[in-house]
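Report on the structure given below.
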Number of protein chains: 2
Amino acid sequence: MKVTLNRASFMQELQTVQRAISSKTTIPILTGVKITLTQEGLTLTGSNADISIETFLSVENEKANMQIESTGSIVLQARFFSEIIRRLPEETFTLEVLENKQVAITSGKANFIVNGLDADNYPHLPVVESHNQMKLPVHVLTKLINETVFAVSQHESRPILTGVHFILSDNSLLAVATDSHRLSQRVIPVEQAADHFDIVIPGKSLIELSRSLTNEEEIVEISIMENQVLFKTETMYFYSRLLEGNYPDTNRLIPSSFNTEVEFSVPSFLAAIERASLLSHEGRNNIVRLSIRPDAVVLYGNSPEIGKVEESLSYTASSGDPLDISFNPDYMKAALRAFGDMSIKVKFISAIRPFTLEPTEDGVQFIQLITPVRTN
Amino acid sequence: MKVTLNRASFMQELQTVQRAISSKTTIPILTGVKITLTQEGLTLTGSNADISIETFLSVENEKANMQIESTGSIVLQARFFSEIIRRLPEETFTLEVLENKQVAITSGKANFIVNGLDADNYPHLPVVESHNQMKLPVHVLTKLINETVFAVSQHESRPILTGVHFILSDNSLLAVATDSHRLSQRVIPVEQAADHFDIVIPGKSLIELSRSLTNEEEIVEISIMENQVLFKTETMYFYSRLLEGNYPDTNRLIPSSFNTEVEFSVPSFLAAIERASLLSHEGRNNIVRLSIRPDAVVLYGNSPEIGKVEESLSYTASSGDPLDISFNPDYMKAALRAFGDMSIKVKFISAIRPFTLEPTEDGVQFIQLITPVRTN
C-alpha cells in the first residue's frame, strides 16, 4: 500500500473516526485506526464497544489530490498517528506500508517509520441490510438529539434509561429520554416512513453522532439491524449498538390536568435560574423555590453560608391557584436550554407532583417534565 | 457603604485582583476581596502568601459611572461575589453594606444578600517607600519575563532557583533563570536607572504579573522594599515577596569557546523538534539526537514501541567539528519559543558539555544554555 495525498483532507477524516477510538479499550487493536486503500479511495475505520465510524475519501475528491501507487490495508495506533500527521511540514504526505507491518510516513524532509498492526486482525463491522430505512436531514436529526439526550440517566443501575427511546410510526418519529427525575419528549412529523421501529440508542452514541454530523444540509439514512443502528451520510457510516430491554411506558407519566400555569420567555427565565442556582449549589439540597401569586412570580435561592437571592420574574401570563414549589435548578437549566429562544408554558398540579414545560406555540410536540423536591 | 456603578468596569477590576486570591489559603479572610469606597473611588484588594494586587477605579472614570451614596469598606468571598456580578441582569448594579456585615447586591429585579467580613481584619499591605524606583514600558517588562521565567526550577529543593534573578546596574537590567538543567539570561539597556539592585522574584509572581499587565503602552514603576517589590501602573499596585538567599553565580556557567556552530531559523527548527519529540516522549529517556556533519544536520527521535523519525534540517550556516549530541527536546522547545521568530546560532563544545543558543543578530544580549544528556 502506498499513497500520497493532501494532509488537511486526510486529517479531517481521521478526526471523525477518532471519535470512536478510545485509548482505554481492553482490545489493543481497537486503539488503532484501520486504513484501507482501494482504487476507489481511502477508507478509515475506528471502533469501540459502543460505536464504530467508517469514513471514505474518494479518489475523485479533488482537494484530497490522492495519488495511489499500490492498494492494501494496515492498522496504526490512532493517537500517535494523528499527532504525527498534524505536525508534518508539508501540505501533502506519503503513506507507505513497508515490510513487517512497518509504515513510512513522509512529508518534506521528515521521515517517520512507525509500527503497524495486521488489518486482518481488525474486527469486522456489522453487515448492512437495506430494509428498515428512513431518511432525515442532518439538522433535523441533531436537533432531535439535542432536545432529548441531556435527560438520559447517567447511572448504569437501570441501563435502559441511559438511552433515548425512538419510536417510528406512520407519520411521526418520537424521541423520549428520562432519568426518572425529569423527562424530555419530542415528536416530529416524518414524510417518508419506513417500517415502524421501536429502539433505544445509547445517549453517548447519540452525542458522538451529533458531533460527527457537521454538514447541516446533508441527508442521513438510518438503517436498523438486529442489535445495531447505522447512520449513513455520503462520506460516513456511523454504527451504534442498541440497548436491549423494555423501555418504560413514559406516556402514563405525563399529567393532563393542571391547577396553575405560568408563561415565560426562556432566555430571561434561564438567566434568573442561573443566578438563583449560584447560591443553591452551595446548599446541602441544591434547590430553588418558585412562588406563584396572582400578582407576582418570585424565585428564591439560598445558602446558609453565603447568603440568599430573590428575584421577581418577568412572565407573559399566569393563571390558576397560588403555589410554592421547590426544584433542582440544574434540571430546569437543562430543560430551558433544550427549548432555546422561545416562549414556554409551565403547568403545575401541586408542590409535590411533576410539572410540565411546553412551547407556547401550538403544533410543536415537545414536552418536558420535572419532578419537584418536597421540602417539608 | 453604598455605591451604584457599571458592572463591566467593576468586573474587570475584580478579575485583576482575583489573580492574587486563592481558594486554598489557610487564612479564611484571604479567600475574600477587600472593597474600600472613598469619595475618590473604589479600591479592590486581593492577596495570598506570595502576591497582593490592589486596583483603583476612580470616581472620574466615565465608563464606570460611579454614584457614591456613602463610603466604607467590606470583605466579600471572592469566587461567589464575582460569579454573582457576572450573572446580574442589568448594565449597572448597586452594592450596599447593611447591618451585621451583610451586603445587598441589586441589579434590575435581582436582589442578593450575602454575608461579608469585617475589612478591619484584612491584613495590611506593605508600606511603599519612594526610593529605589525604576520605570519600564509594560511591553519591555513582560517580554523580559517571558524570555526568562520558563527556565526557573519547579522544585522547592532549592527555593532560590524558583525565582528570576534581576540585577540592575548603571545602564542595564539583567534577568537570569536556571533550573540547573538549562538557563536563560537576557540583558536589556535601561536609560533611567535608580540605585542598583540585586533581587530574586518568584517565577509564579512574575507569571501573574505578566498576565495582569494588559495595556502594553503603559509604564510600570518598580519599587524595591526590604523583602517586597511593587509594580505600579496607573490603576494597579502589584506586590510580590522577594526570595531570600544567594542566587548562584550564573556567569561562570556560560562557556566562551566552542568547537561546532550551526545557524537555524527558529520556526522551522522548532517544528522539527516538535515532530521528533512526539516519539521521544514515549521513550524512557525523552531525548532526541542531533547529528552535525559538514554536509547535513539531521535530527533523530525514537520510541521502541511506536517507531522512529529522522529529519534532515534546514540550516543557514554550519562550521566546526562533526558532532552527535542528545538532549531533552522539551528544554529545546521552551528555549526556541522564548526566541520567537528569529535566526539563532547554536554553539557546542562537545557531546557532554552544555551548549548555548543566541540570536544571530548582533547587539541582542540574550543567551540560553542547555545541558545535553549523556547517552553512553
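Read-outs: derived from the displayed coordinates by stated rules, not from any lab. Remember, predicted model here, so these are calculated numbers, not experimental data. Note that we place each Cβ from the backbone using ideal geometry, even for glycine, and neighbour counts take in every protein chain shown.
Quick rundown of the values:
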{"read-out": "Label distances, nm, A:Thr375 versus same residue in remaining copies, Cβ-directed 7 Å point", "value": "6.9"}
{"read-out": "Dipole in debye (nearest 20) - the range A:253-368, about Cα centre, beta carbon charges: Lys, Arg +1; Asp, Glu -1", "value": "280"}
{"read-out": "Percent of C-alpha pairs per 5 Å bin, the range B:131-249, short to long", "value": "2, 12, 23, 27, 22, 10, 4, 0"}
{"read-out": "Inter-centroid distance (Cα atoms) of the range B:311-376 relative to the range A:1-41, Å", "value": "36"}
{"read-out": "Relative contact order, percent, chain A [alpha-carbon distance under 8 Å, six or more residues apart]", "value": "13"}
{"read-out": "The range B:105-179 - Rg over Rh from alpha carbon coordinates, Kirkwood radius", "value": "1.22"}
{"read-out": "For B:266-273, mean number of other protein chain Cβ atoms within 10 Å", "value": "2"}
{"read-out": "Fraction in percent of alpha-carbon pairs per bin - 10 Å, chain A", "value": "5, 20, 24, 19, 16, 10, 5, 1, 0"}
{"read-out": "For the range B:121-220: relative contact order, % (alpha-carbon pairs under 8 angstrom, 6 or more apart)", "value": "33"}
{"read-out": "Binned Cα-Cα distances of the range A:220-286, short to long, each 5 Å bin given as a whole percent", "value": "3, 11, 9, 8, 10, 12, 11, 17, 14, 4, 0"}
{"read-out": "The range B:101-146: C-alpha gyration tensor shape, a/c 1.5 cut-off, then a/b vs b/c", "value": "oblate"}
{"read-out": "Cα convex hull of the range B:1-119, projected area averaged across orientations, nm²", "value": "6.6"}
{"read-out": "Shape call, the protein assembly as shown: gyration tensor on alpha carbons, a/c limit 1.5", "value": "oblate"}
{"read-out": "Mean Cβ neighbour count within 10 Å, used as a protection proxy, ranking A:361-373, B:344-356 highest first", "value": "B:344-356, A:361-373"}
{"read-out": "Pairwise label distance in nanometres, B:Arg252 with A:Asn65, each label 7 Å out on the Cα-Cβ vector", "value": "5.8"}
{"read-out": "Too-long pairs where the Cα-Cα distance tops 23 Å, listed order kept, from A:Lys2/A:Lys63; A:Lys63/A:Lys135; A:Lys143/A:Lys333; A:Lys308/A:Lys333", "value": "A:Lys63/A:Lys135"}
{"read-out": "Dipole-positive endmost among B:Thr31, B:Asn6, B:Phe56 within the range B:1-83 (Cβ charges, Cα centre)", "value": "B:Thr31"}
{"read-out": "For A:Gly283, label point 7 Å along C-beta direction: distances to other copies, nm", "value": "6.0"}
{"read-out": "Nearest beta-carbon to the A/B symmetry axis - residue in chain A, distance in Å", "value": "A:Lys24, 15"}
{"read-out": "Dipole moment magnitude, nearest 20 debye, the range B:1-119 about Cα centre, only Lys, Arg, Asp, Glu C-beta charged", "value": "440"}
{"read-out": "Cβ neighbours within 10 Å from other chains - mean over B:99-110", "value": "3"}
{"read-out": "Shortest-first nm distances, B:Ile352 label point to equivalent points in other copies (7 Å, Cα→Cβ)", "value": "8.3"}
{"read-out": "Evaluated at q = 0.13, 0.14 Å⁻¹: base-10 log I(q)/I(0), Debye formula over Cα of the range A:253-368", "value": "-0.47, -0.54"}
{"read-out": "Over the protein assembly as shown: helical MRE at 222 nm, DSSP H runs n ≥ 4 each giving -39500 (n - 2.57), nearest 500", "value": "-5500 deg cm²/dmol"}
{"read-out": "Magnitude of the charge dipole, chain B, Cβ model with Lys/Arg +1 and Asp/Glu -1, debye to 20", "value": "1160"}
{"read-out": "Shielding of B:311-324 by partner chains, average beta-carbon count, 10 Å", "value": "1"}
{"read-out": "Dipole of the range A:131-249, positive end: most advanced residue of A:Asn215, A:Leu174, A:Ser184 [Cβ charges, Cα centre]", "value": "A:Ser184"}
